[in-house]
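The values are calculated or read from the model by the stated rules, or taken from the named source; none is laboratory data. Being a predicted model, the structure only gives us computed values, none of them experimental. Glycine gets a Cβ as well: all are built from the backbone with ideal geometry, and neighbour counts include every protein chain shown. What goes into the accessible areas is simple: the full protein's heavy atoms, side chains included, and nothing from ligands, DNA or RNA. Shrake-Rupley method; radii C 1.70, N 1.55, O 1.52, S 1.80 Å.
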Amino acid sequence: MRILRIEIAAFGKWRQKTFDFISGNQLIYGENEAGKSTIYQFIQAVLFGFPSKGKKKKDYTPKDGAAYGGKIWLEHPVHGEILVERYKQQNRGKSKVLFNEQQGSDELLEKLLSPLTKDLFQQVFTFQQEQLTELDHLREKELHDALISLGITGSSYVFQKRQEYYQQAQQLFKKKGQKLLINQKLNEWKNLQERVHQKQEQESFFGELVRQEQAYSQDQRELQKKLQEINEKISQIKQQELNYSLYEEWQTLKANILPQVPEEQLLLDLEEFTKRYQQMTERLDELEATLEKHSGMDQQSARYYFYLEQEQVLKELQQQQTQIEHWLNEWQRLQVEEREIDSELKILEQSWQWQRTQEPQEFLHTEEWQQLFSENRLLKEQVNQLSIRSEIVLEQQRTIEAEINQLEATHPELLQSAPSEVRSKNKTPFAIIGGFFFVVGIFLPMPWKLGVFLLALGTLGYSFYERKSLNGQKSDLSEIKGKWQEKLGQLDNTLAQIEEINQSKNKLVIEQQKIQQKAFDFTKVHHLGTMNTLEAMKEYGHEVSDYQDLYSRLIKKQERANKIQQKLIQIDRQFELIKEWLPLQDKGIAEKMVLLTNFIQEMEQLKFARSYQQNTLLKQEINQLKKKQKSLIEHYSGQMEQVGLAYPSEVAAYLQKAQQTKTQLQRLKELDEILAPLFPKKRTREQLSIELYHNQEKQRQYQFEEKQLIEQRQRLKIQIEELQKDGTLDEMYQEESLLRAQLQQLMEHWGGLMVAGTFLGDLSTEMSERQLPQLLKAAGHYLGVLTQNHYQEILLRNDTLTLTDGVTDFPIYELSTGTKDQLIMAMRFAYLSLESKRSICPIIIDDGWLHYDHQRKYQLAKLLADFGQNYQVICFSSDQEMVSYYQELQQSVNILKDV
């Protein structure tokens, strides 16, 4: 396949520009920034899609809004001429392909270009200076492998992927590595196995500690349940003491009120009877009094005329007598209850220095209080745990010090090692003396010789025995010294733990002071007075609710009493009208009402007396009234029998008591709701005090037992935590399983990388064995052209690429940088020459000779001219010297203008 023409609508700096290409070698010349690379990017974009935008990528999108894209005409070896056009704004940037009256898009273009891809286009058929610099820094073996990869695939992609796989694998594991991930995991596995073995030995002791801790925990839960019950009892008794005055009223009401209130209709009948009977009685009294006094009345009495003028007002005032009596009774009851509540409030105010102007606020159910109490409780637990831990560590310190003192007392040489060295030195002369006797004995005659030999043997034997004994003592002393040093190390650790515990205690003291300060601030905000400790708040906090309840009840009763008092004052003012006619001064409203009633009765008698002067008429009316009264008694006798009354005069008192009973029953109902749950059975104040004392004693006993249990649990927890520092056995098994899975995953990943790298290496070897002879022959030809036959052949000797000039061999690692560049170029052209029959894609070179001298540039131009006979070669260059070489070799040159 070759490129015939390109038509750029708008791409980078190009606008509406057409370029034609010939089938062989051609040079497109332009100064820097003339748009050469833009043409290359345009060809790549139309064939394989527009490049994505990025911060570090050049953007070729037109700034003037012109149509982004263009067309390319290709000549395909099978399908002939093909037109490919691609515009960013059309069909979402997809291509449009036209050939032989057929039309398609990217899928068709991909099939027509196959096997050419964008990666193949960039790595095999494009020559850029950057590709040379990527290979310059490689070591000998890497350069050799890269050249082989270039030769057999046309690019270094296979070599790069294999190197990438090997590098990734070496970042995971090396035989002698320590910091690599798999190496670290293997070390962790080894250490974990040792810990599991140790933990298995400790598990039985650990299990016994756990069982003891669980038993203590169960005992503590049961004790806490008992404490909760006793606290509830104490709270109930305190509530009973606080409400005992109401309890006494409750008991009095139950003892004194009627067993039951008669039916409403019966009461109405009795009220009707007593009203009519009273009226008749009053009328009889009036008639009899009138009969007795009617002849002696003073018709000009000023009091009588006053009565006649104010009769209606005075009678209306008299009719309020029943209501006034009810108000007076209620007011008196409210006064008694106010005094009782006030005394209870004063008890609480004296206990906690509370003030009614700053009423204490409920706090037990607030989030702030609960958080503050939780912090304090947690802090106490930490202090308690530290105290227990301190006791354990101090016990350990005393034990270790005792062991150290025993070792130092038993082996004083631990503190002074010099004498043993002197002693060992003192044993050396015995061996010298024995040797001296042995040498002297050689020169002495018998039997002296035998005697000296025996003396020498004895001296040497004694010296050997003493040395052996000394060595044994040294060995024992070394073992004891090791144990002594180990105990000293343990003592240092224990002292460090004590110091750490003391520091923690100091920190907790500071935290406790902060908590106490918060408690003081909390007390001020909620006006709690001397209830300024969290313990007092917890134990007596309910008294705030009691105080608020009592204070609320006091306010309500005061408001009701004030209302009644205002009504009574208004009624008392109405007596101002009659104060000139009655002795009302310094009289209560009840007494005033009695005087008013008597006055009205007296005036009514006067009025009656004025109306009837004849005694006969009065007597007749009296007799008739008595008959009616008797008939009335007989008519209502059944109702009176139902309530057990024998005389009409008892009915009024009975009705009054029935009315009081209604009020008392209402009060009794209120008290029942309040006190029945609180007083399930009868109690005296003395019984409550005794029961409270006994329950408080039980509470203190339970609290003491709970404290002991907590200390015992804390001791066990500390021992368990010490054993759990490296995890429980189950946790270790889980950790072992997790670590095994991680190792398996890492090893599979590492093995996959190694297999992939090895596979690519084997693949390269396989392909090189098939293709390498032809490749090296073609590469030698092109290298000869590039070097003016200075190097005539490329050989593979001892698995190393070697160049020869016919006399001397030059391994590739001895070559200069310029010769390496020529060798790379020769290998790539050799691969392309072997693939020339497939005609996959033109060759595009973008200034691939920037570091060449004039001779090497000329030789490269000759190679391109020769190569262009079978391949389409498109060179982009800003090198004027290269233009002259192309013109000398009669190659096509296209100079860019009118950008």
- [ ] Return one whole number: the accessible area per residue of segment 806-899 in Å², for a 1.4 Å probe.
- [x] 44
- [ ] List every residue whose amide H lies under 5 Å from the amide H of Glu81, counting only residues 5 or more places away in sequence or on a different chain, with H placed 1.01 Å from N in the peptide plane.
- [x] His76
TODO: With θ set to phi - 60°, apply the Karplus curve 6.51 cos²θ - 1.76 cosθ + 1.60 along segment 212-223 and write out the HN-Hα couplings as whole Hz, x wherever there is a Gly or Pro.
DONE: 5, 5, 5, 5, 4, 4, 5, 4, 5, 5, 5, 5
Open item on the list: Accessible area of segment 299-359 with a 1.4 Å probe: how many percent of it is carbon plus sulfur?
Closed with: 47
- [ ] Quick one: pull the percent of accessible area on segment 1-130 belonging to carbon and sulfur, 1.4 Å probe, ligands and nucleic acids left out.
- [x] 46
- [ ] Multiply the residue separation of Asp219 and Gln744 by 0.36 nm, subtract the distance between their alpha-carbon atoms, and state the gained length in nm to one decimal.
- [x] 184.3 nm
Task: Residue-by-residue Karplus 3J(HN,Hα) for segment 542-548, coefficients 6.51, -1.76, 1.60, Hz, glycine and proline x - done: 5, 5, 5, 4, 4, 4, 4
Open item on the list: On a 28 Å Cα-Cα criterion, which of the cross-link pairs Lys176/Lys483; Lys88/Lys897; Lys225/Lys514; Lys225/Lys346; Lys118/Lys837; Lys682/Lys707 come out too long?
Closed with: Lys176/Lys483; Lys225/Lys514; Lys225/Lys346; Lys682/Lys707
Task: Amide hydrogen neighbours beyond the local backbone of Ser892, cut-off 5 Å, H modeled - done: Leu27
- [ ] Using 0.36 nm per residue of separation minus the Cα-Cα distance, give me the extension gain between Arg573 and Gln666 in nm, one decimal.
- [x] 30.3 nm
Task: Residue-level accessible surface for Arg838, protein heavy atoms, 1.4 Å, Å² - done: 130
- [ ] With only Lys, Arg, Asp and Glu charged, each at its Cβ (+1 for the first two, -1 for the last two), find how big the charge dipole of segment 637-690 is about the Cα centre; round to the nearest 20 debye.
- [x] 280
Task: Arg713 accessible area, 1.4 Å probe, all protein chains in place, Å² to nearest 10 - done: 40
Open item on the list: Take the residue pairs Lys556/Lys657; Lys567/Lys681; Lys17/Lys94 and return only those whose Cα atoms are more than 30 Å apart.
Closed with: Lys567/Lys681
Task: Amide proton proximity set for Arg2, modelled H, under 5 Å, gap of 5+ - done: Glu75
TODO: Calculate, for segment 621-717, the solvent-accessible area per residue in square angstrom, rolling a 1.4 angstrom probe over the heavy atoms of the protein chains.
DONE: 67
- [ ] Please turn the phi angles of segment 883-890 into ³J(HN,Hα) values with the Karplus equation 6.51 cos²θ - 1.76 cosθ + 1.60 (θ = phi - 60°), one per residue in order, whole Hz, x for glycine and proline.
- [x] 4, 5, 5, 4, 5, 5, 8, 6
TODO: Return the carbon/sulfur percentage of the accessible area of segment 533-603, one whole number, probe 1.4 Å, all protein chains in place.
DONE: 46
Task: Dimensionless Rg ratio for segment 821-899, taking C-alpha atoms and the 2.2 N^0.38 Å reference - done: 1.11
Task: Separation between Cα centres of segment 618-693 and segment 109-128, rounded to whole Å - done: 117
TODO: Would you kindly calculate the translational diffusion coefficient of segment 777-834, applying Stokes-Einstein with the Kirkwood radius from alpha carbon pairs, for 37 °C and a viscosity of 0.692 mPa s, and quote it in µm² s⁻¹ without decimals?
DONE: 294
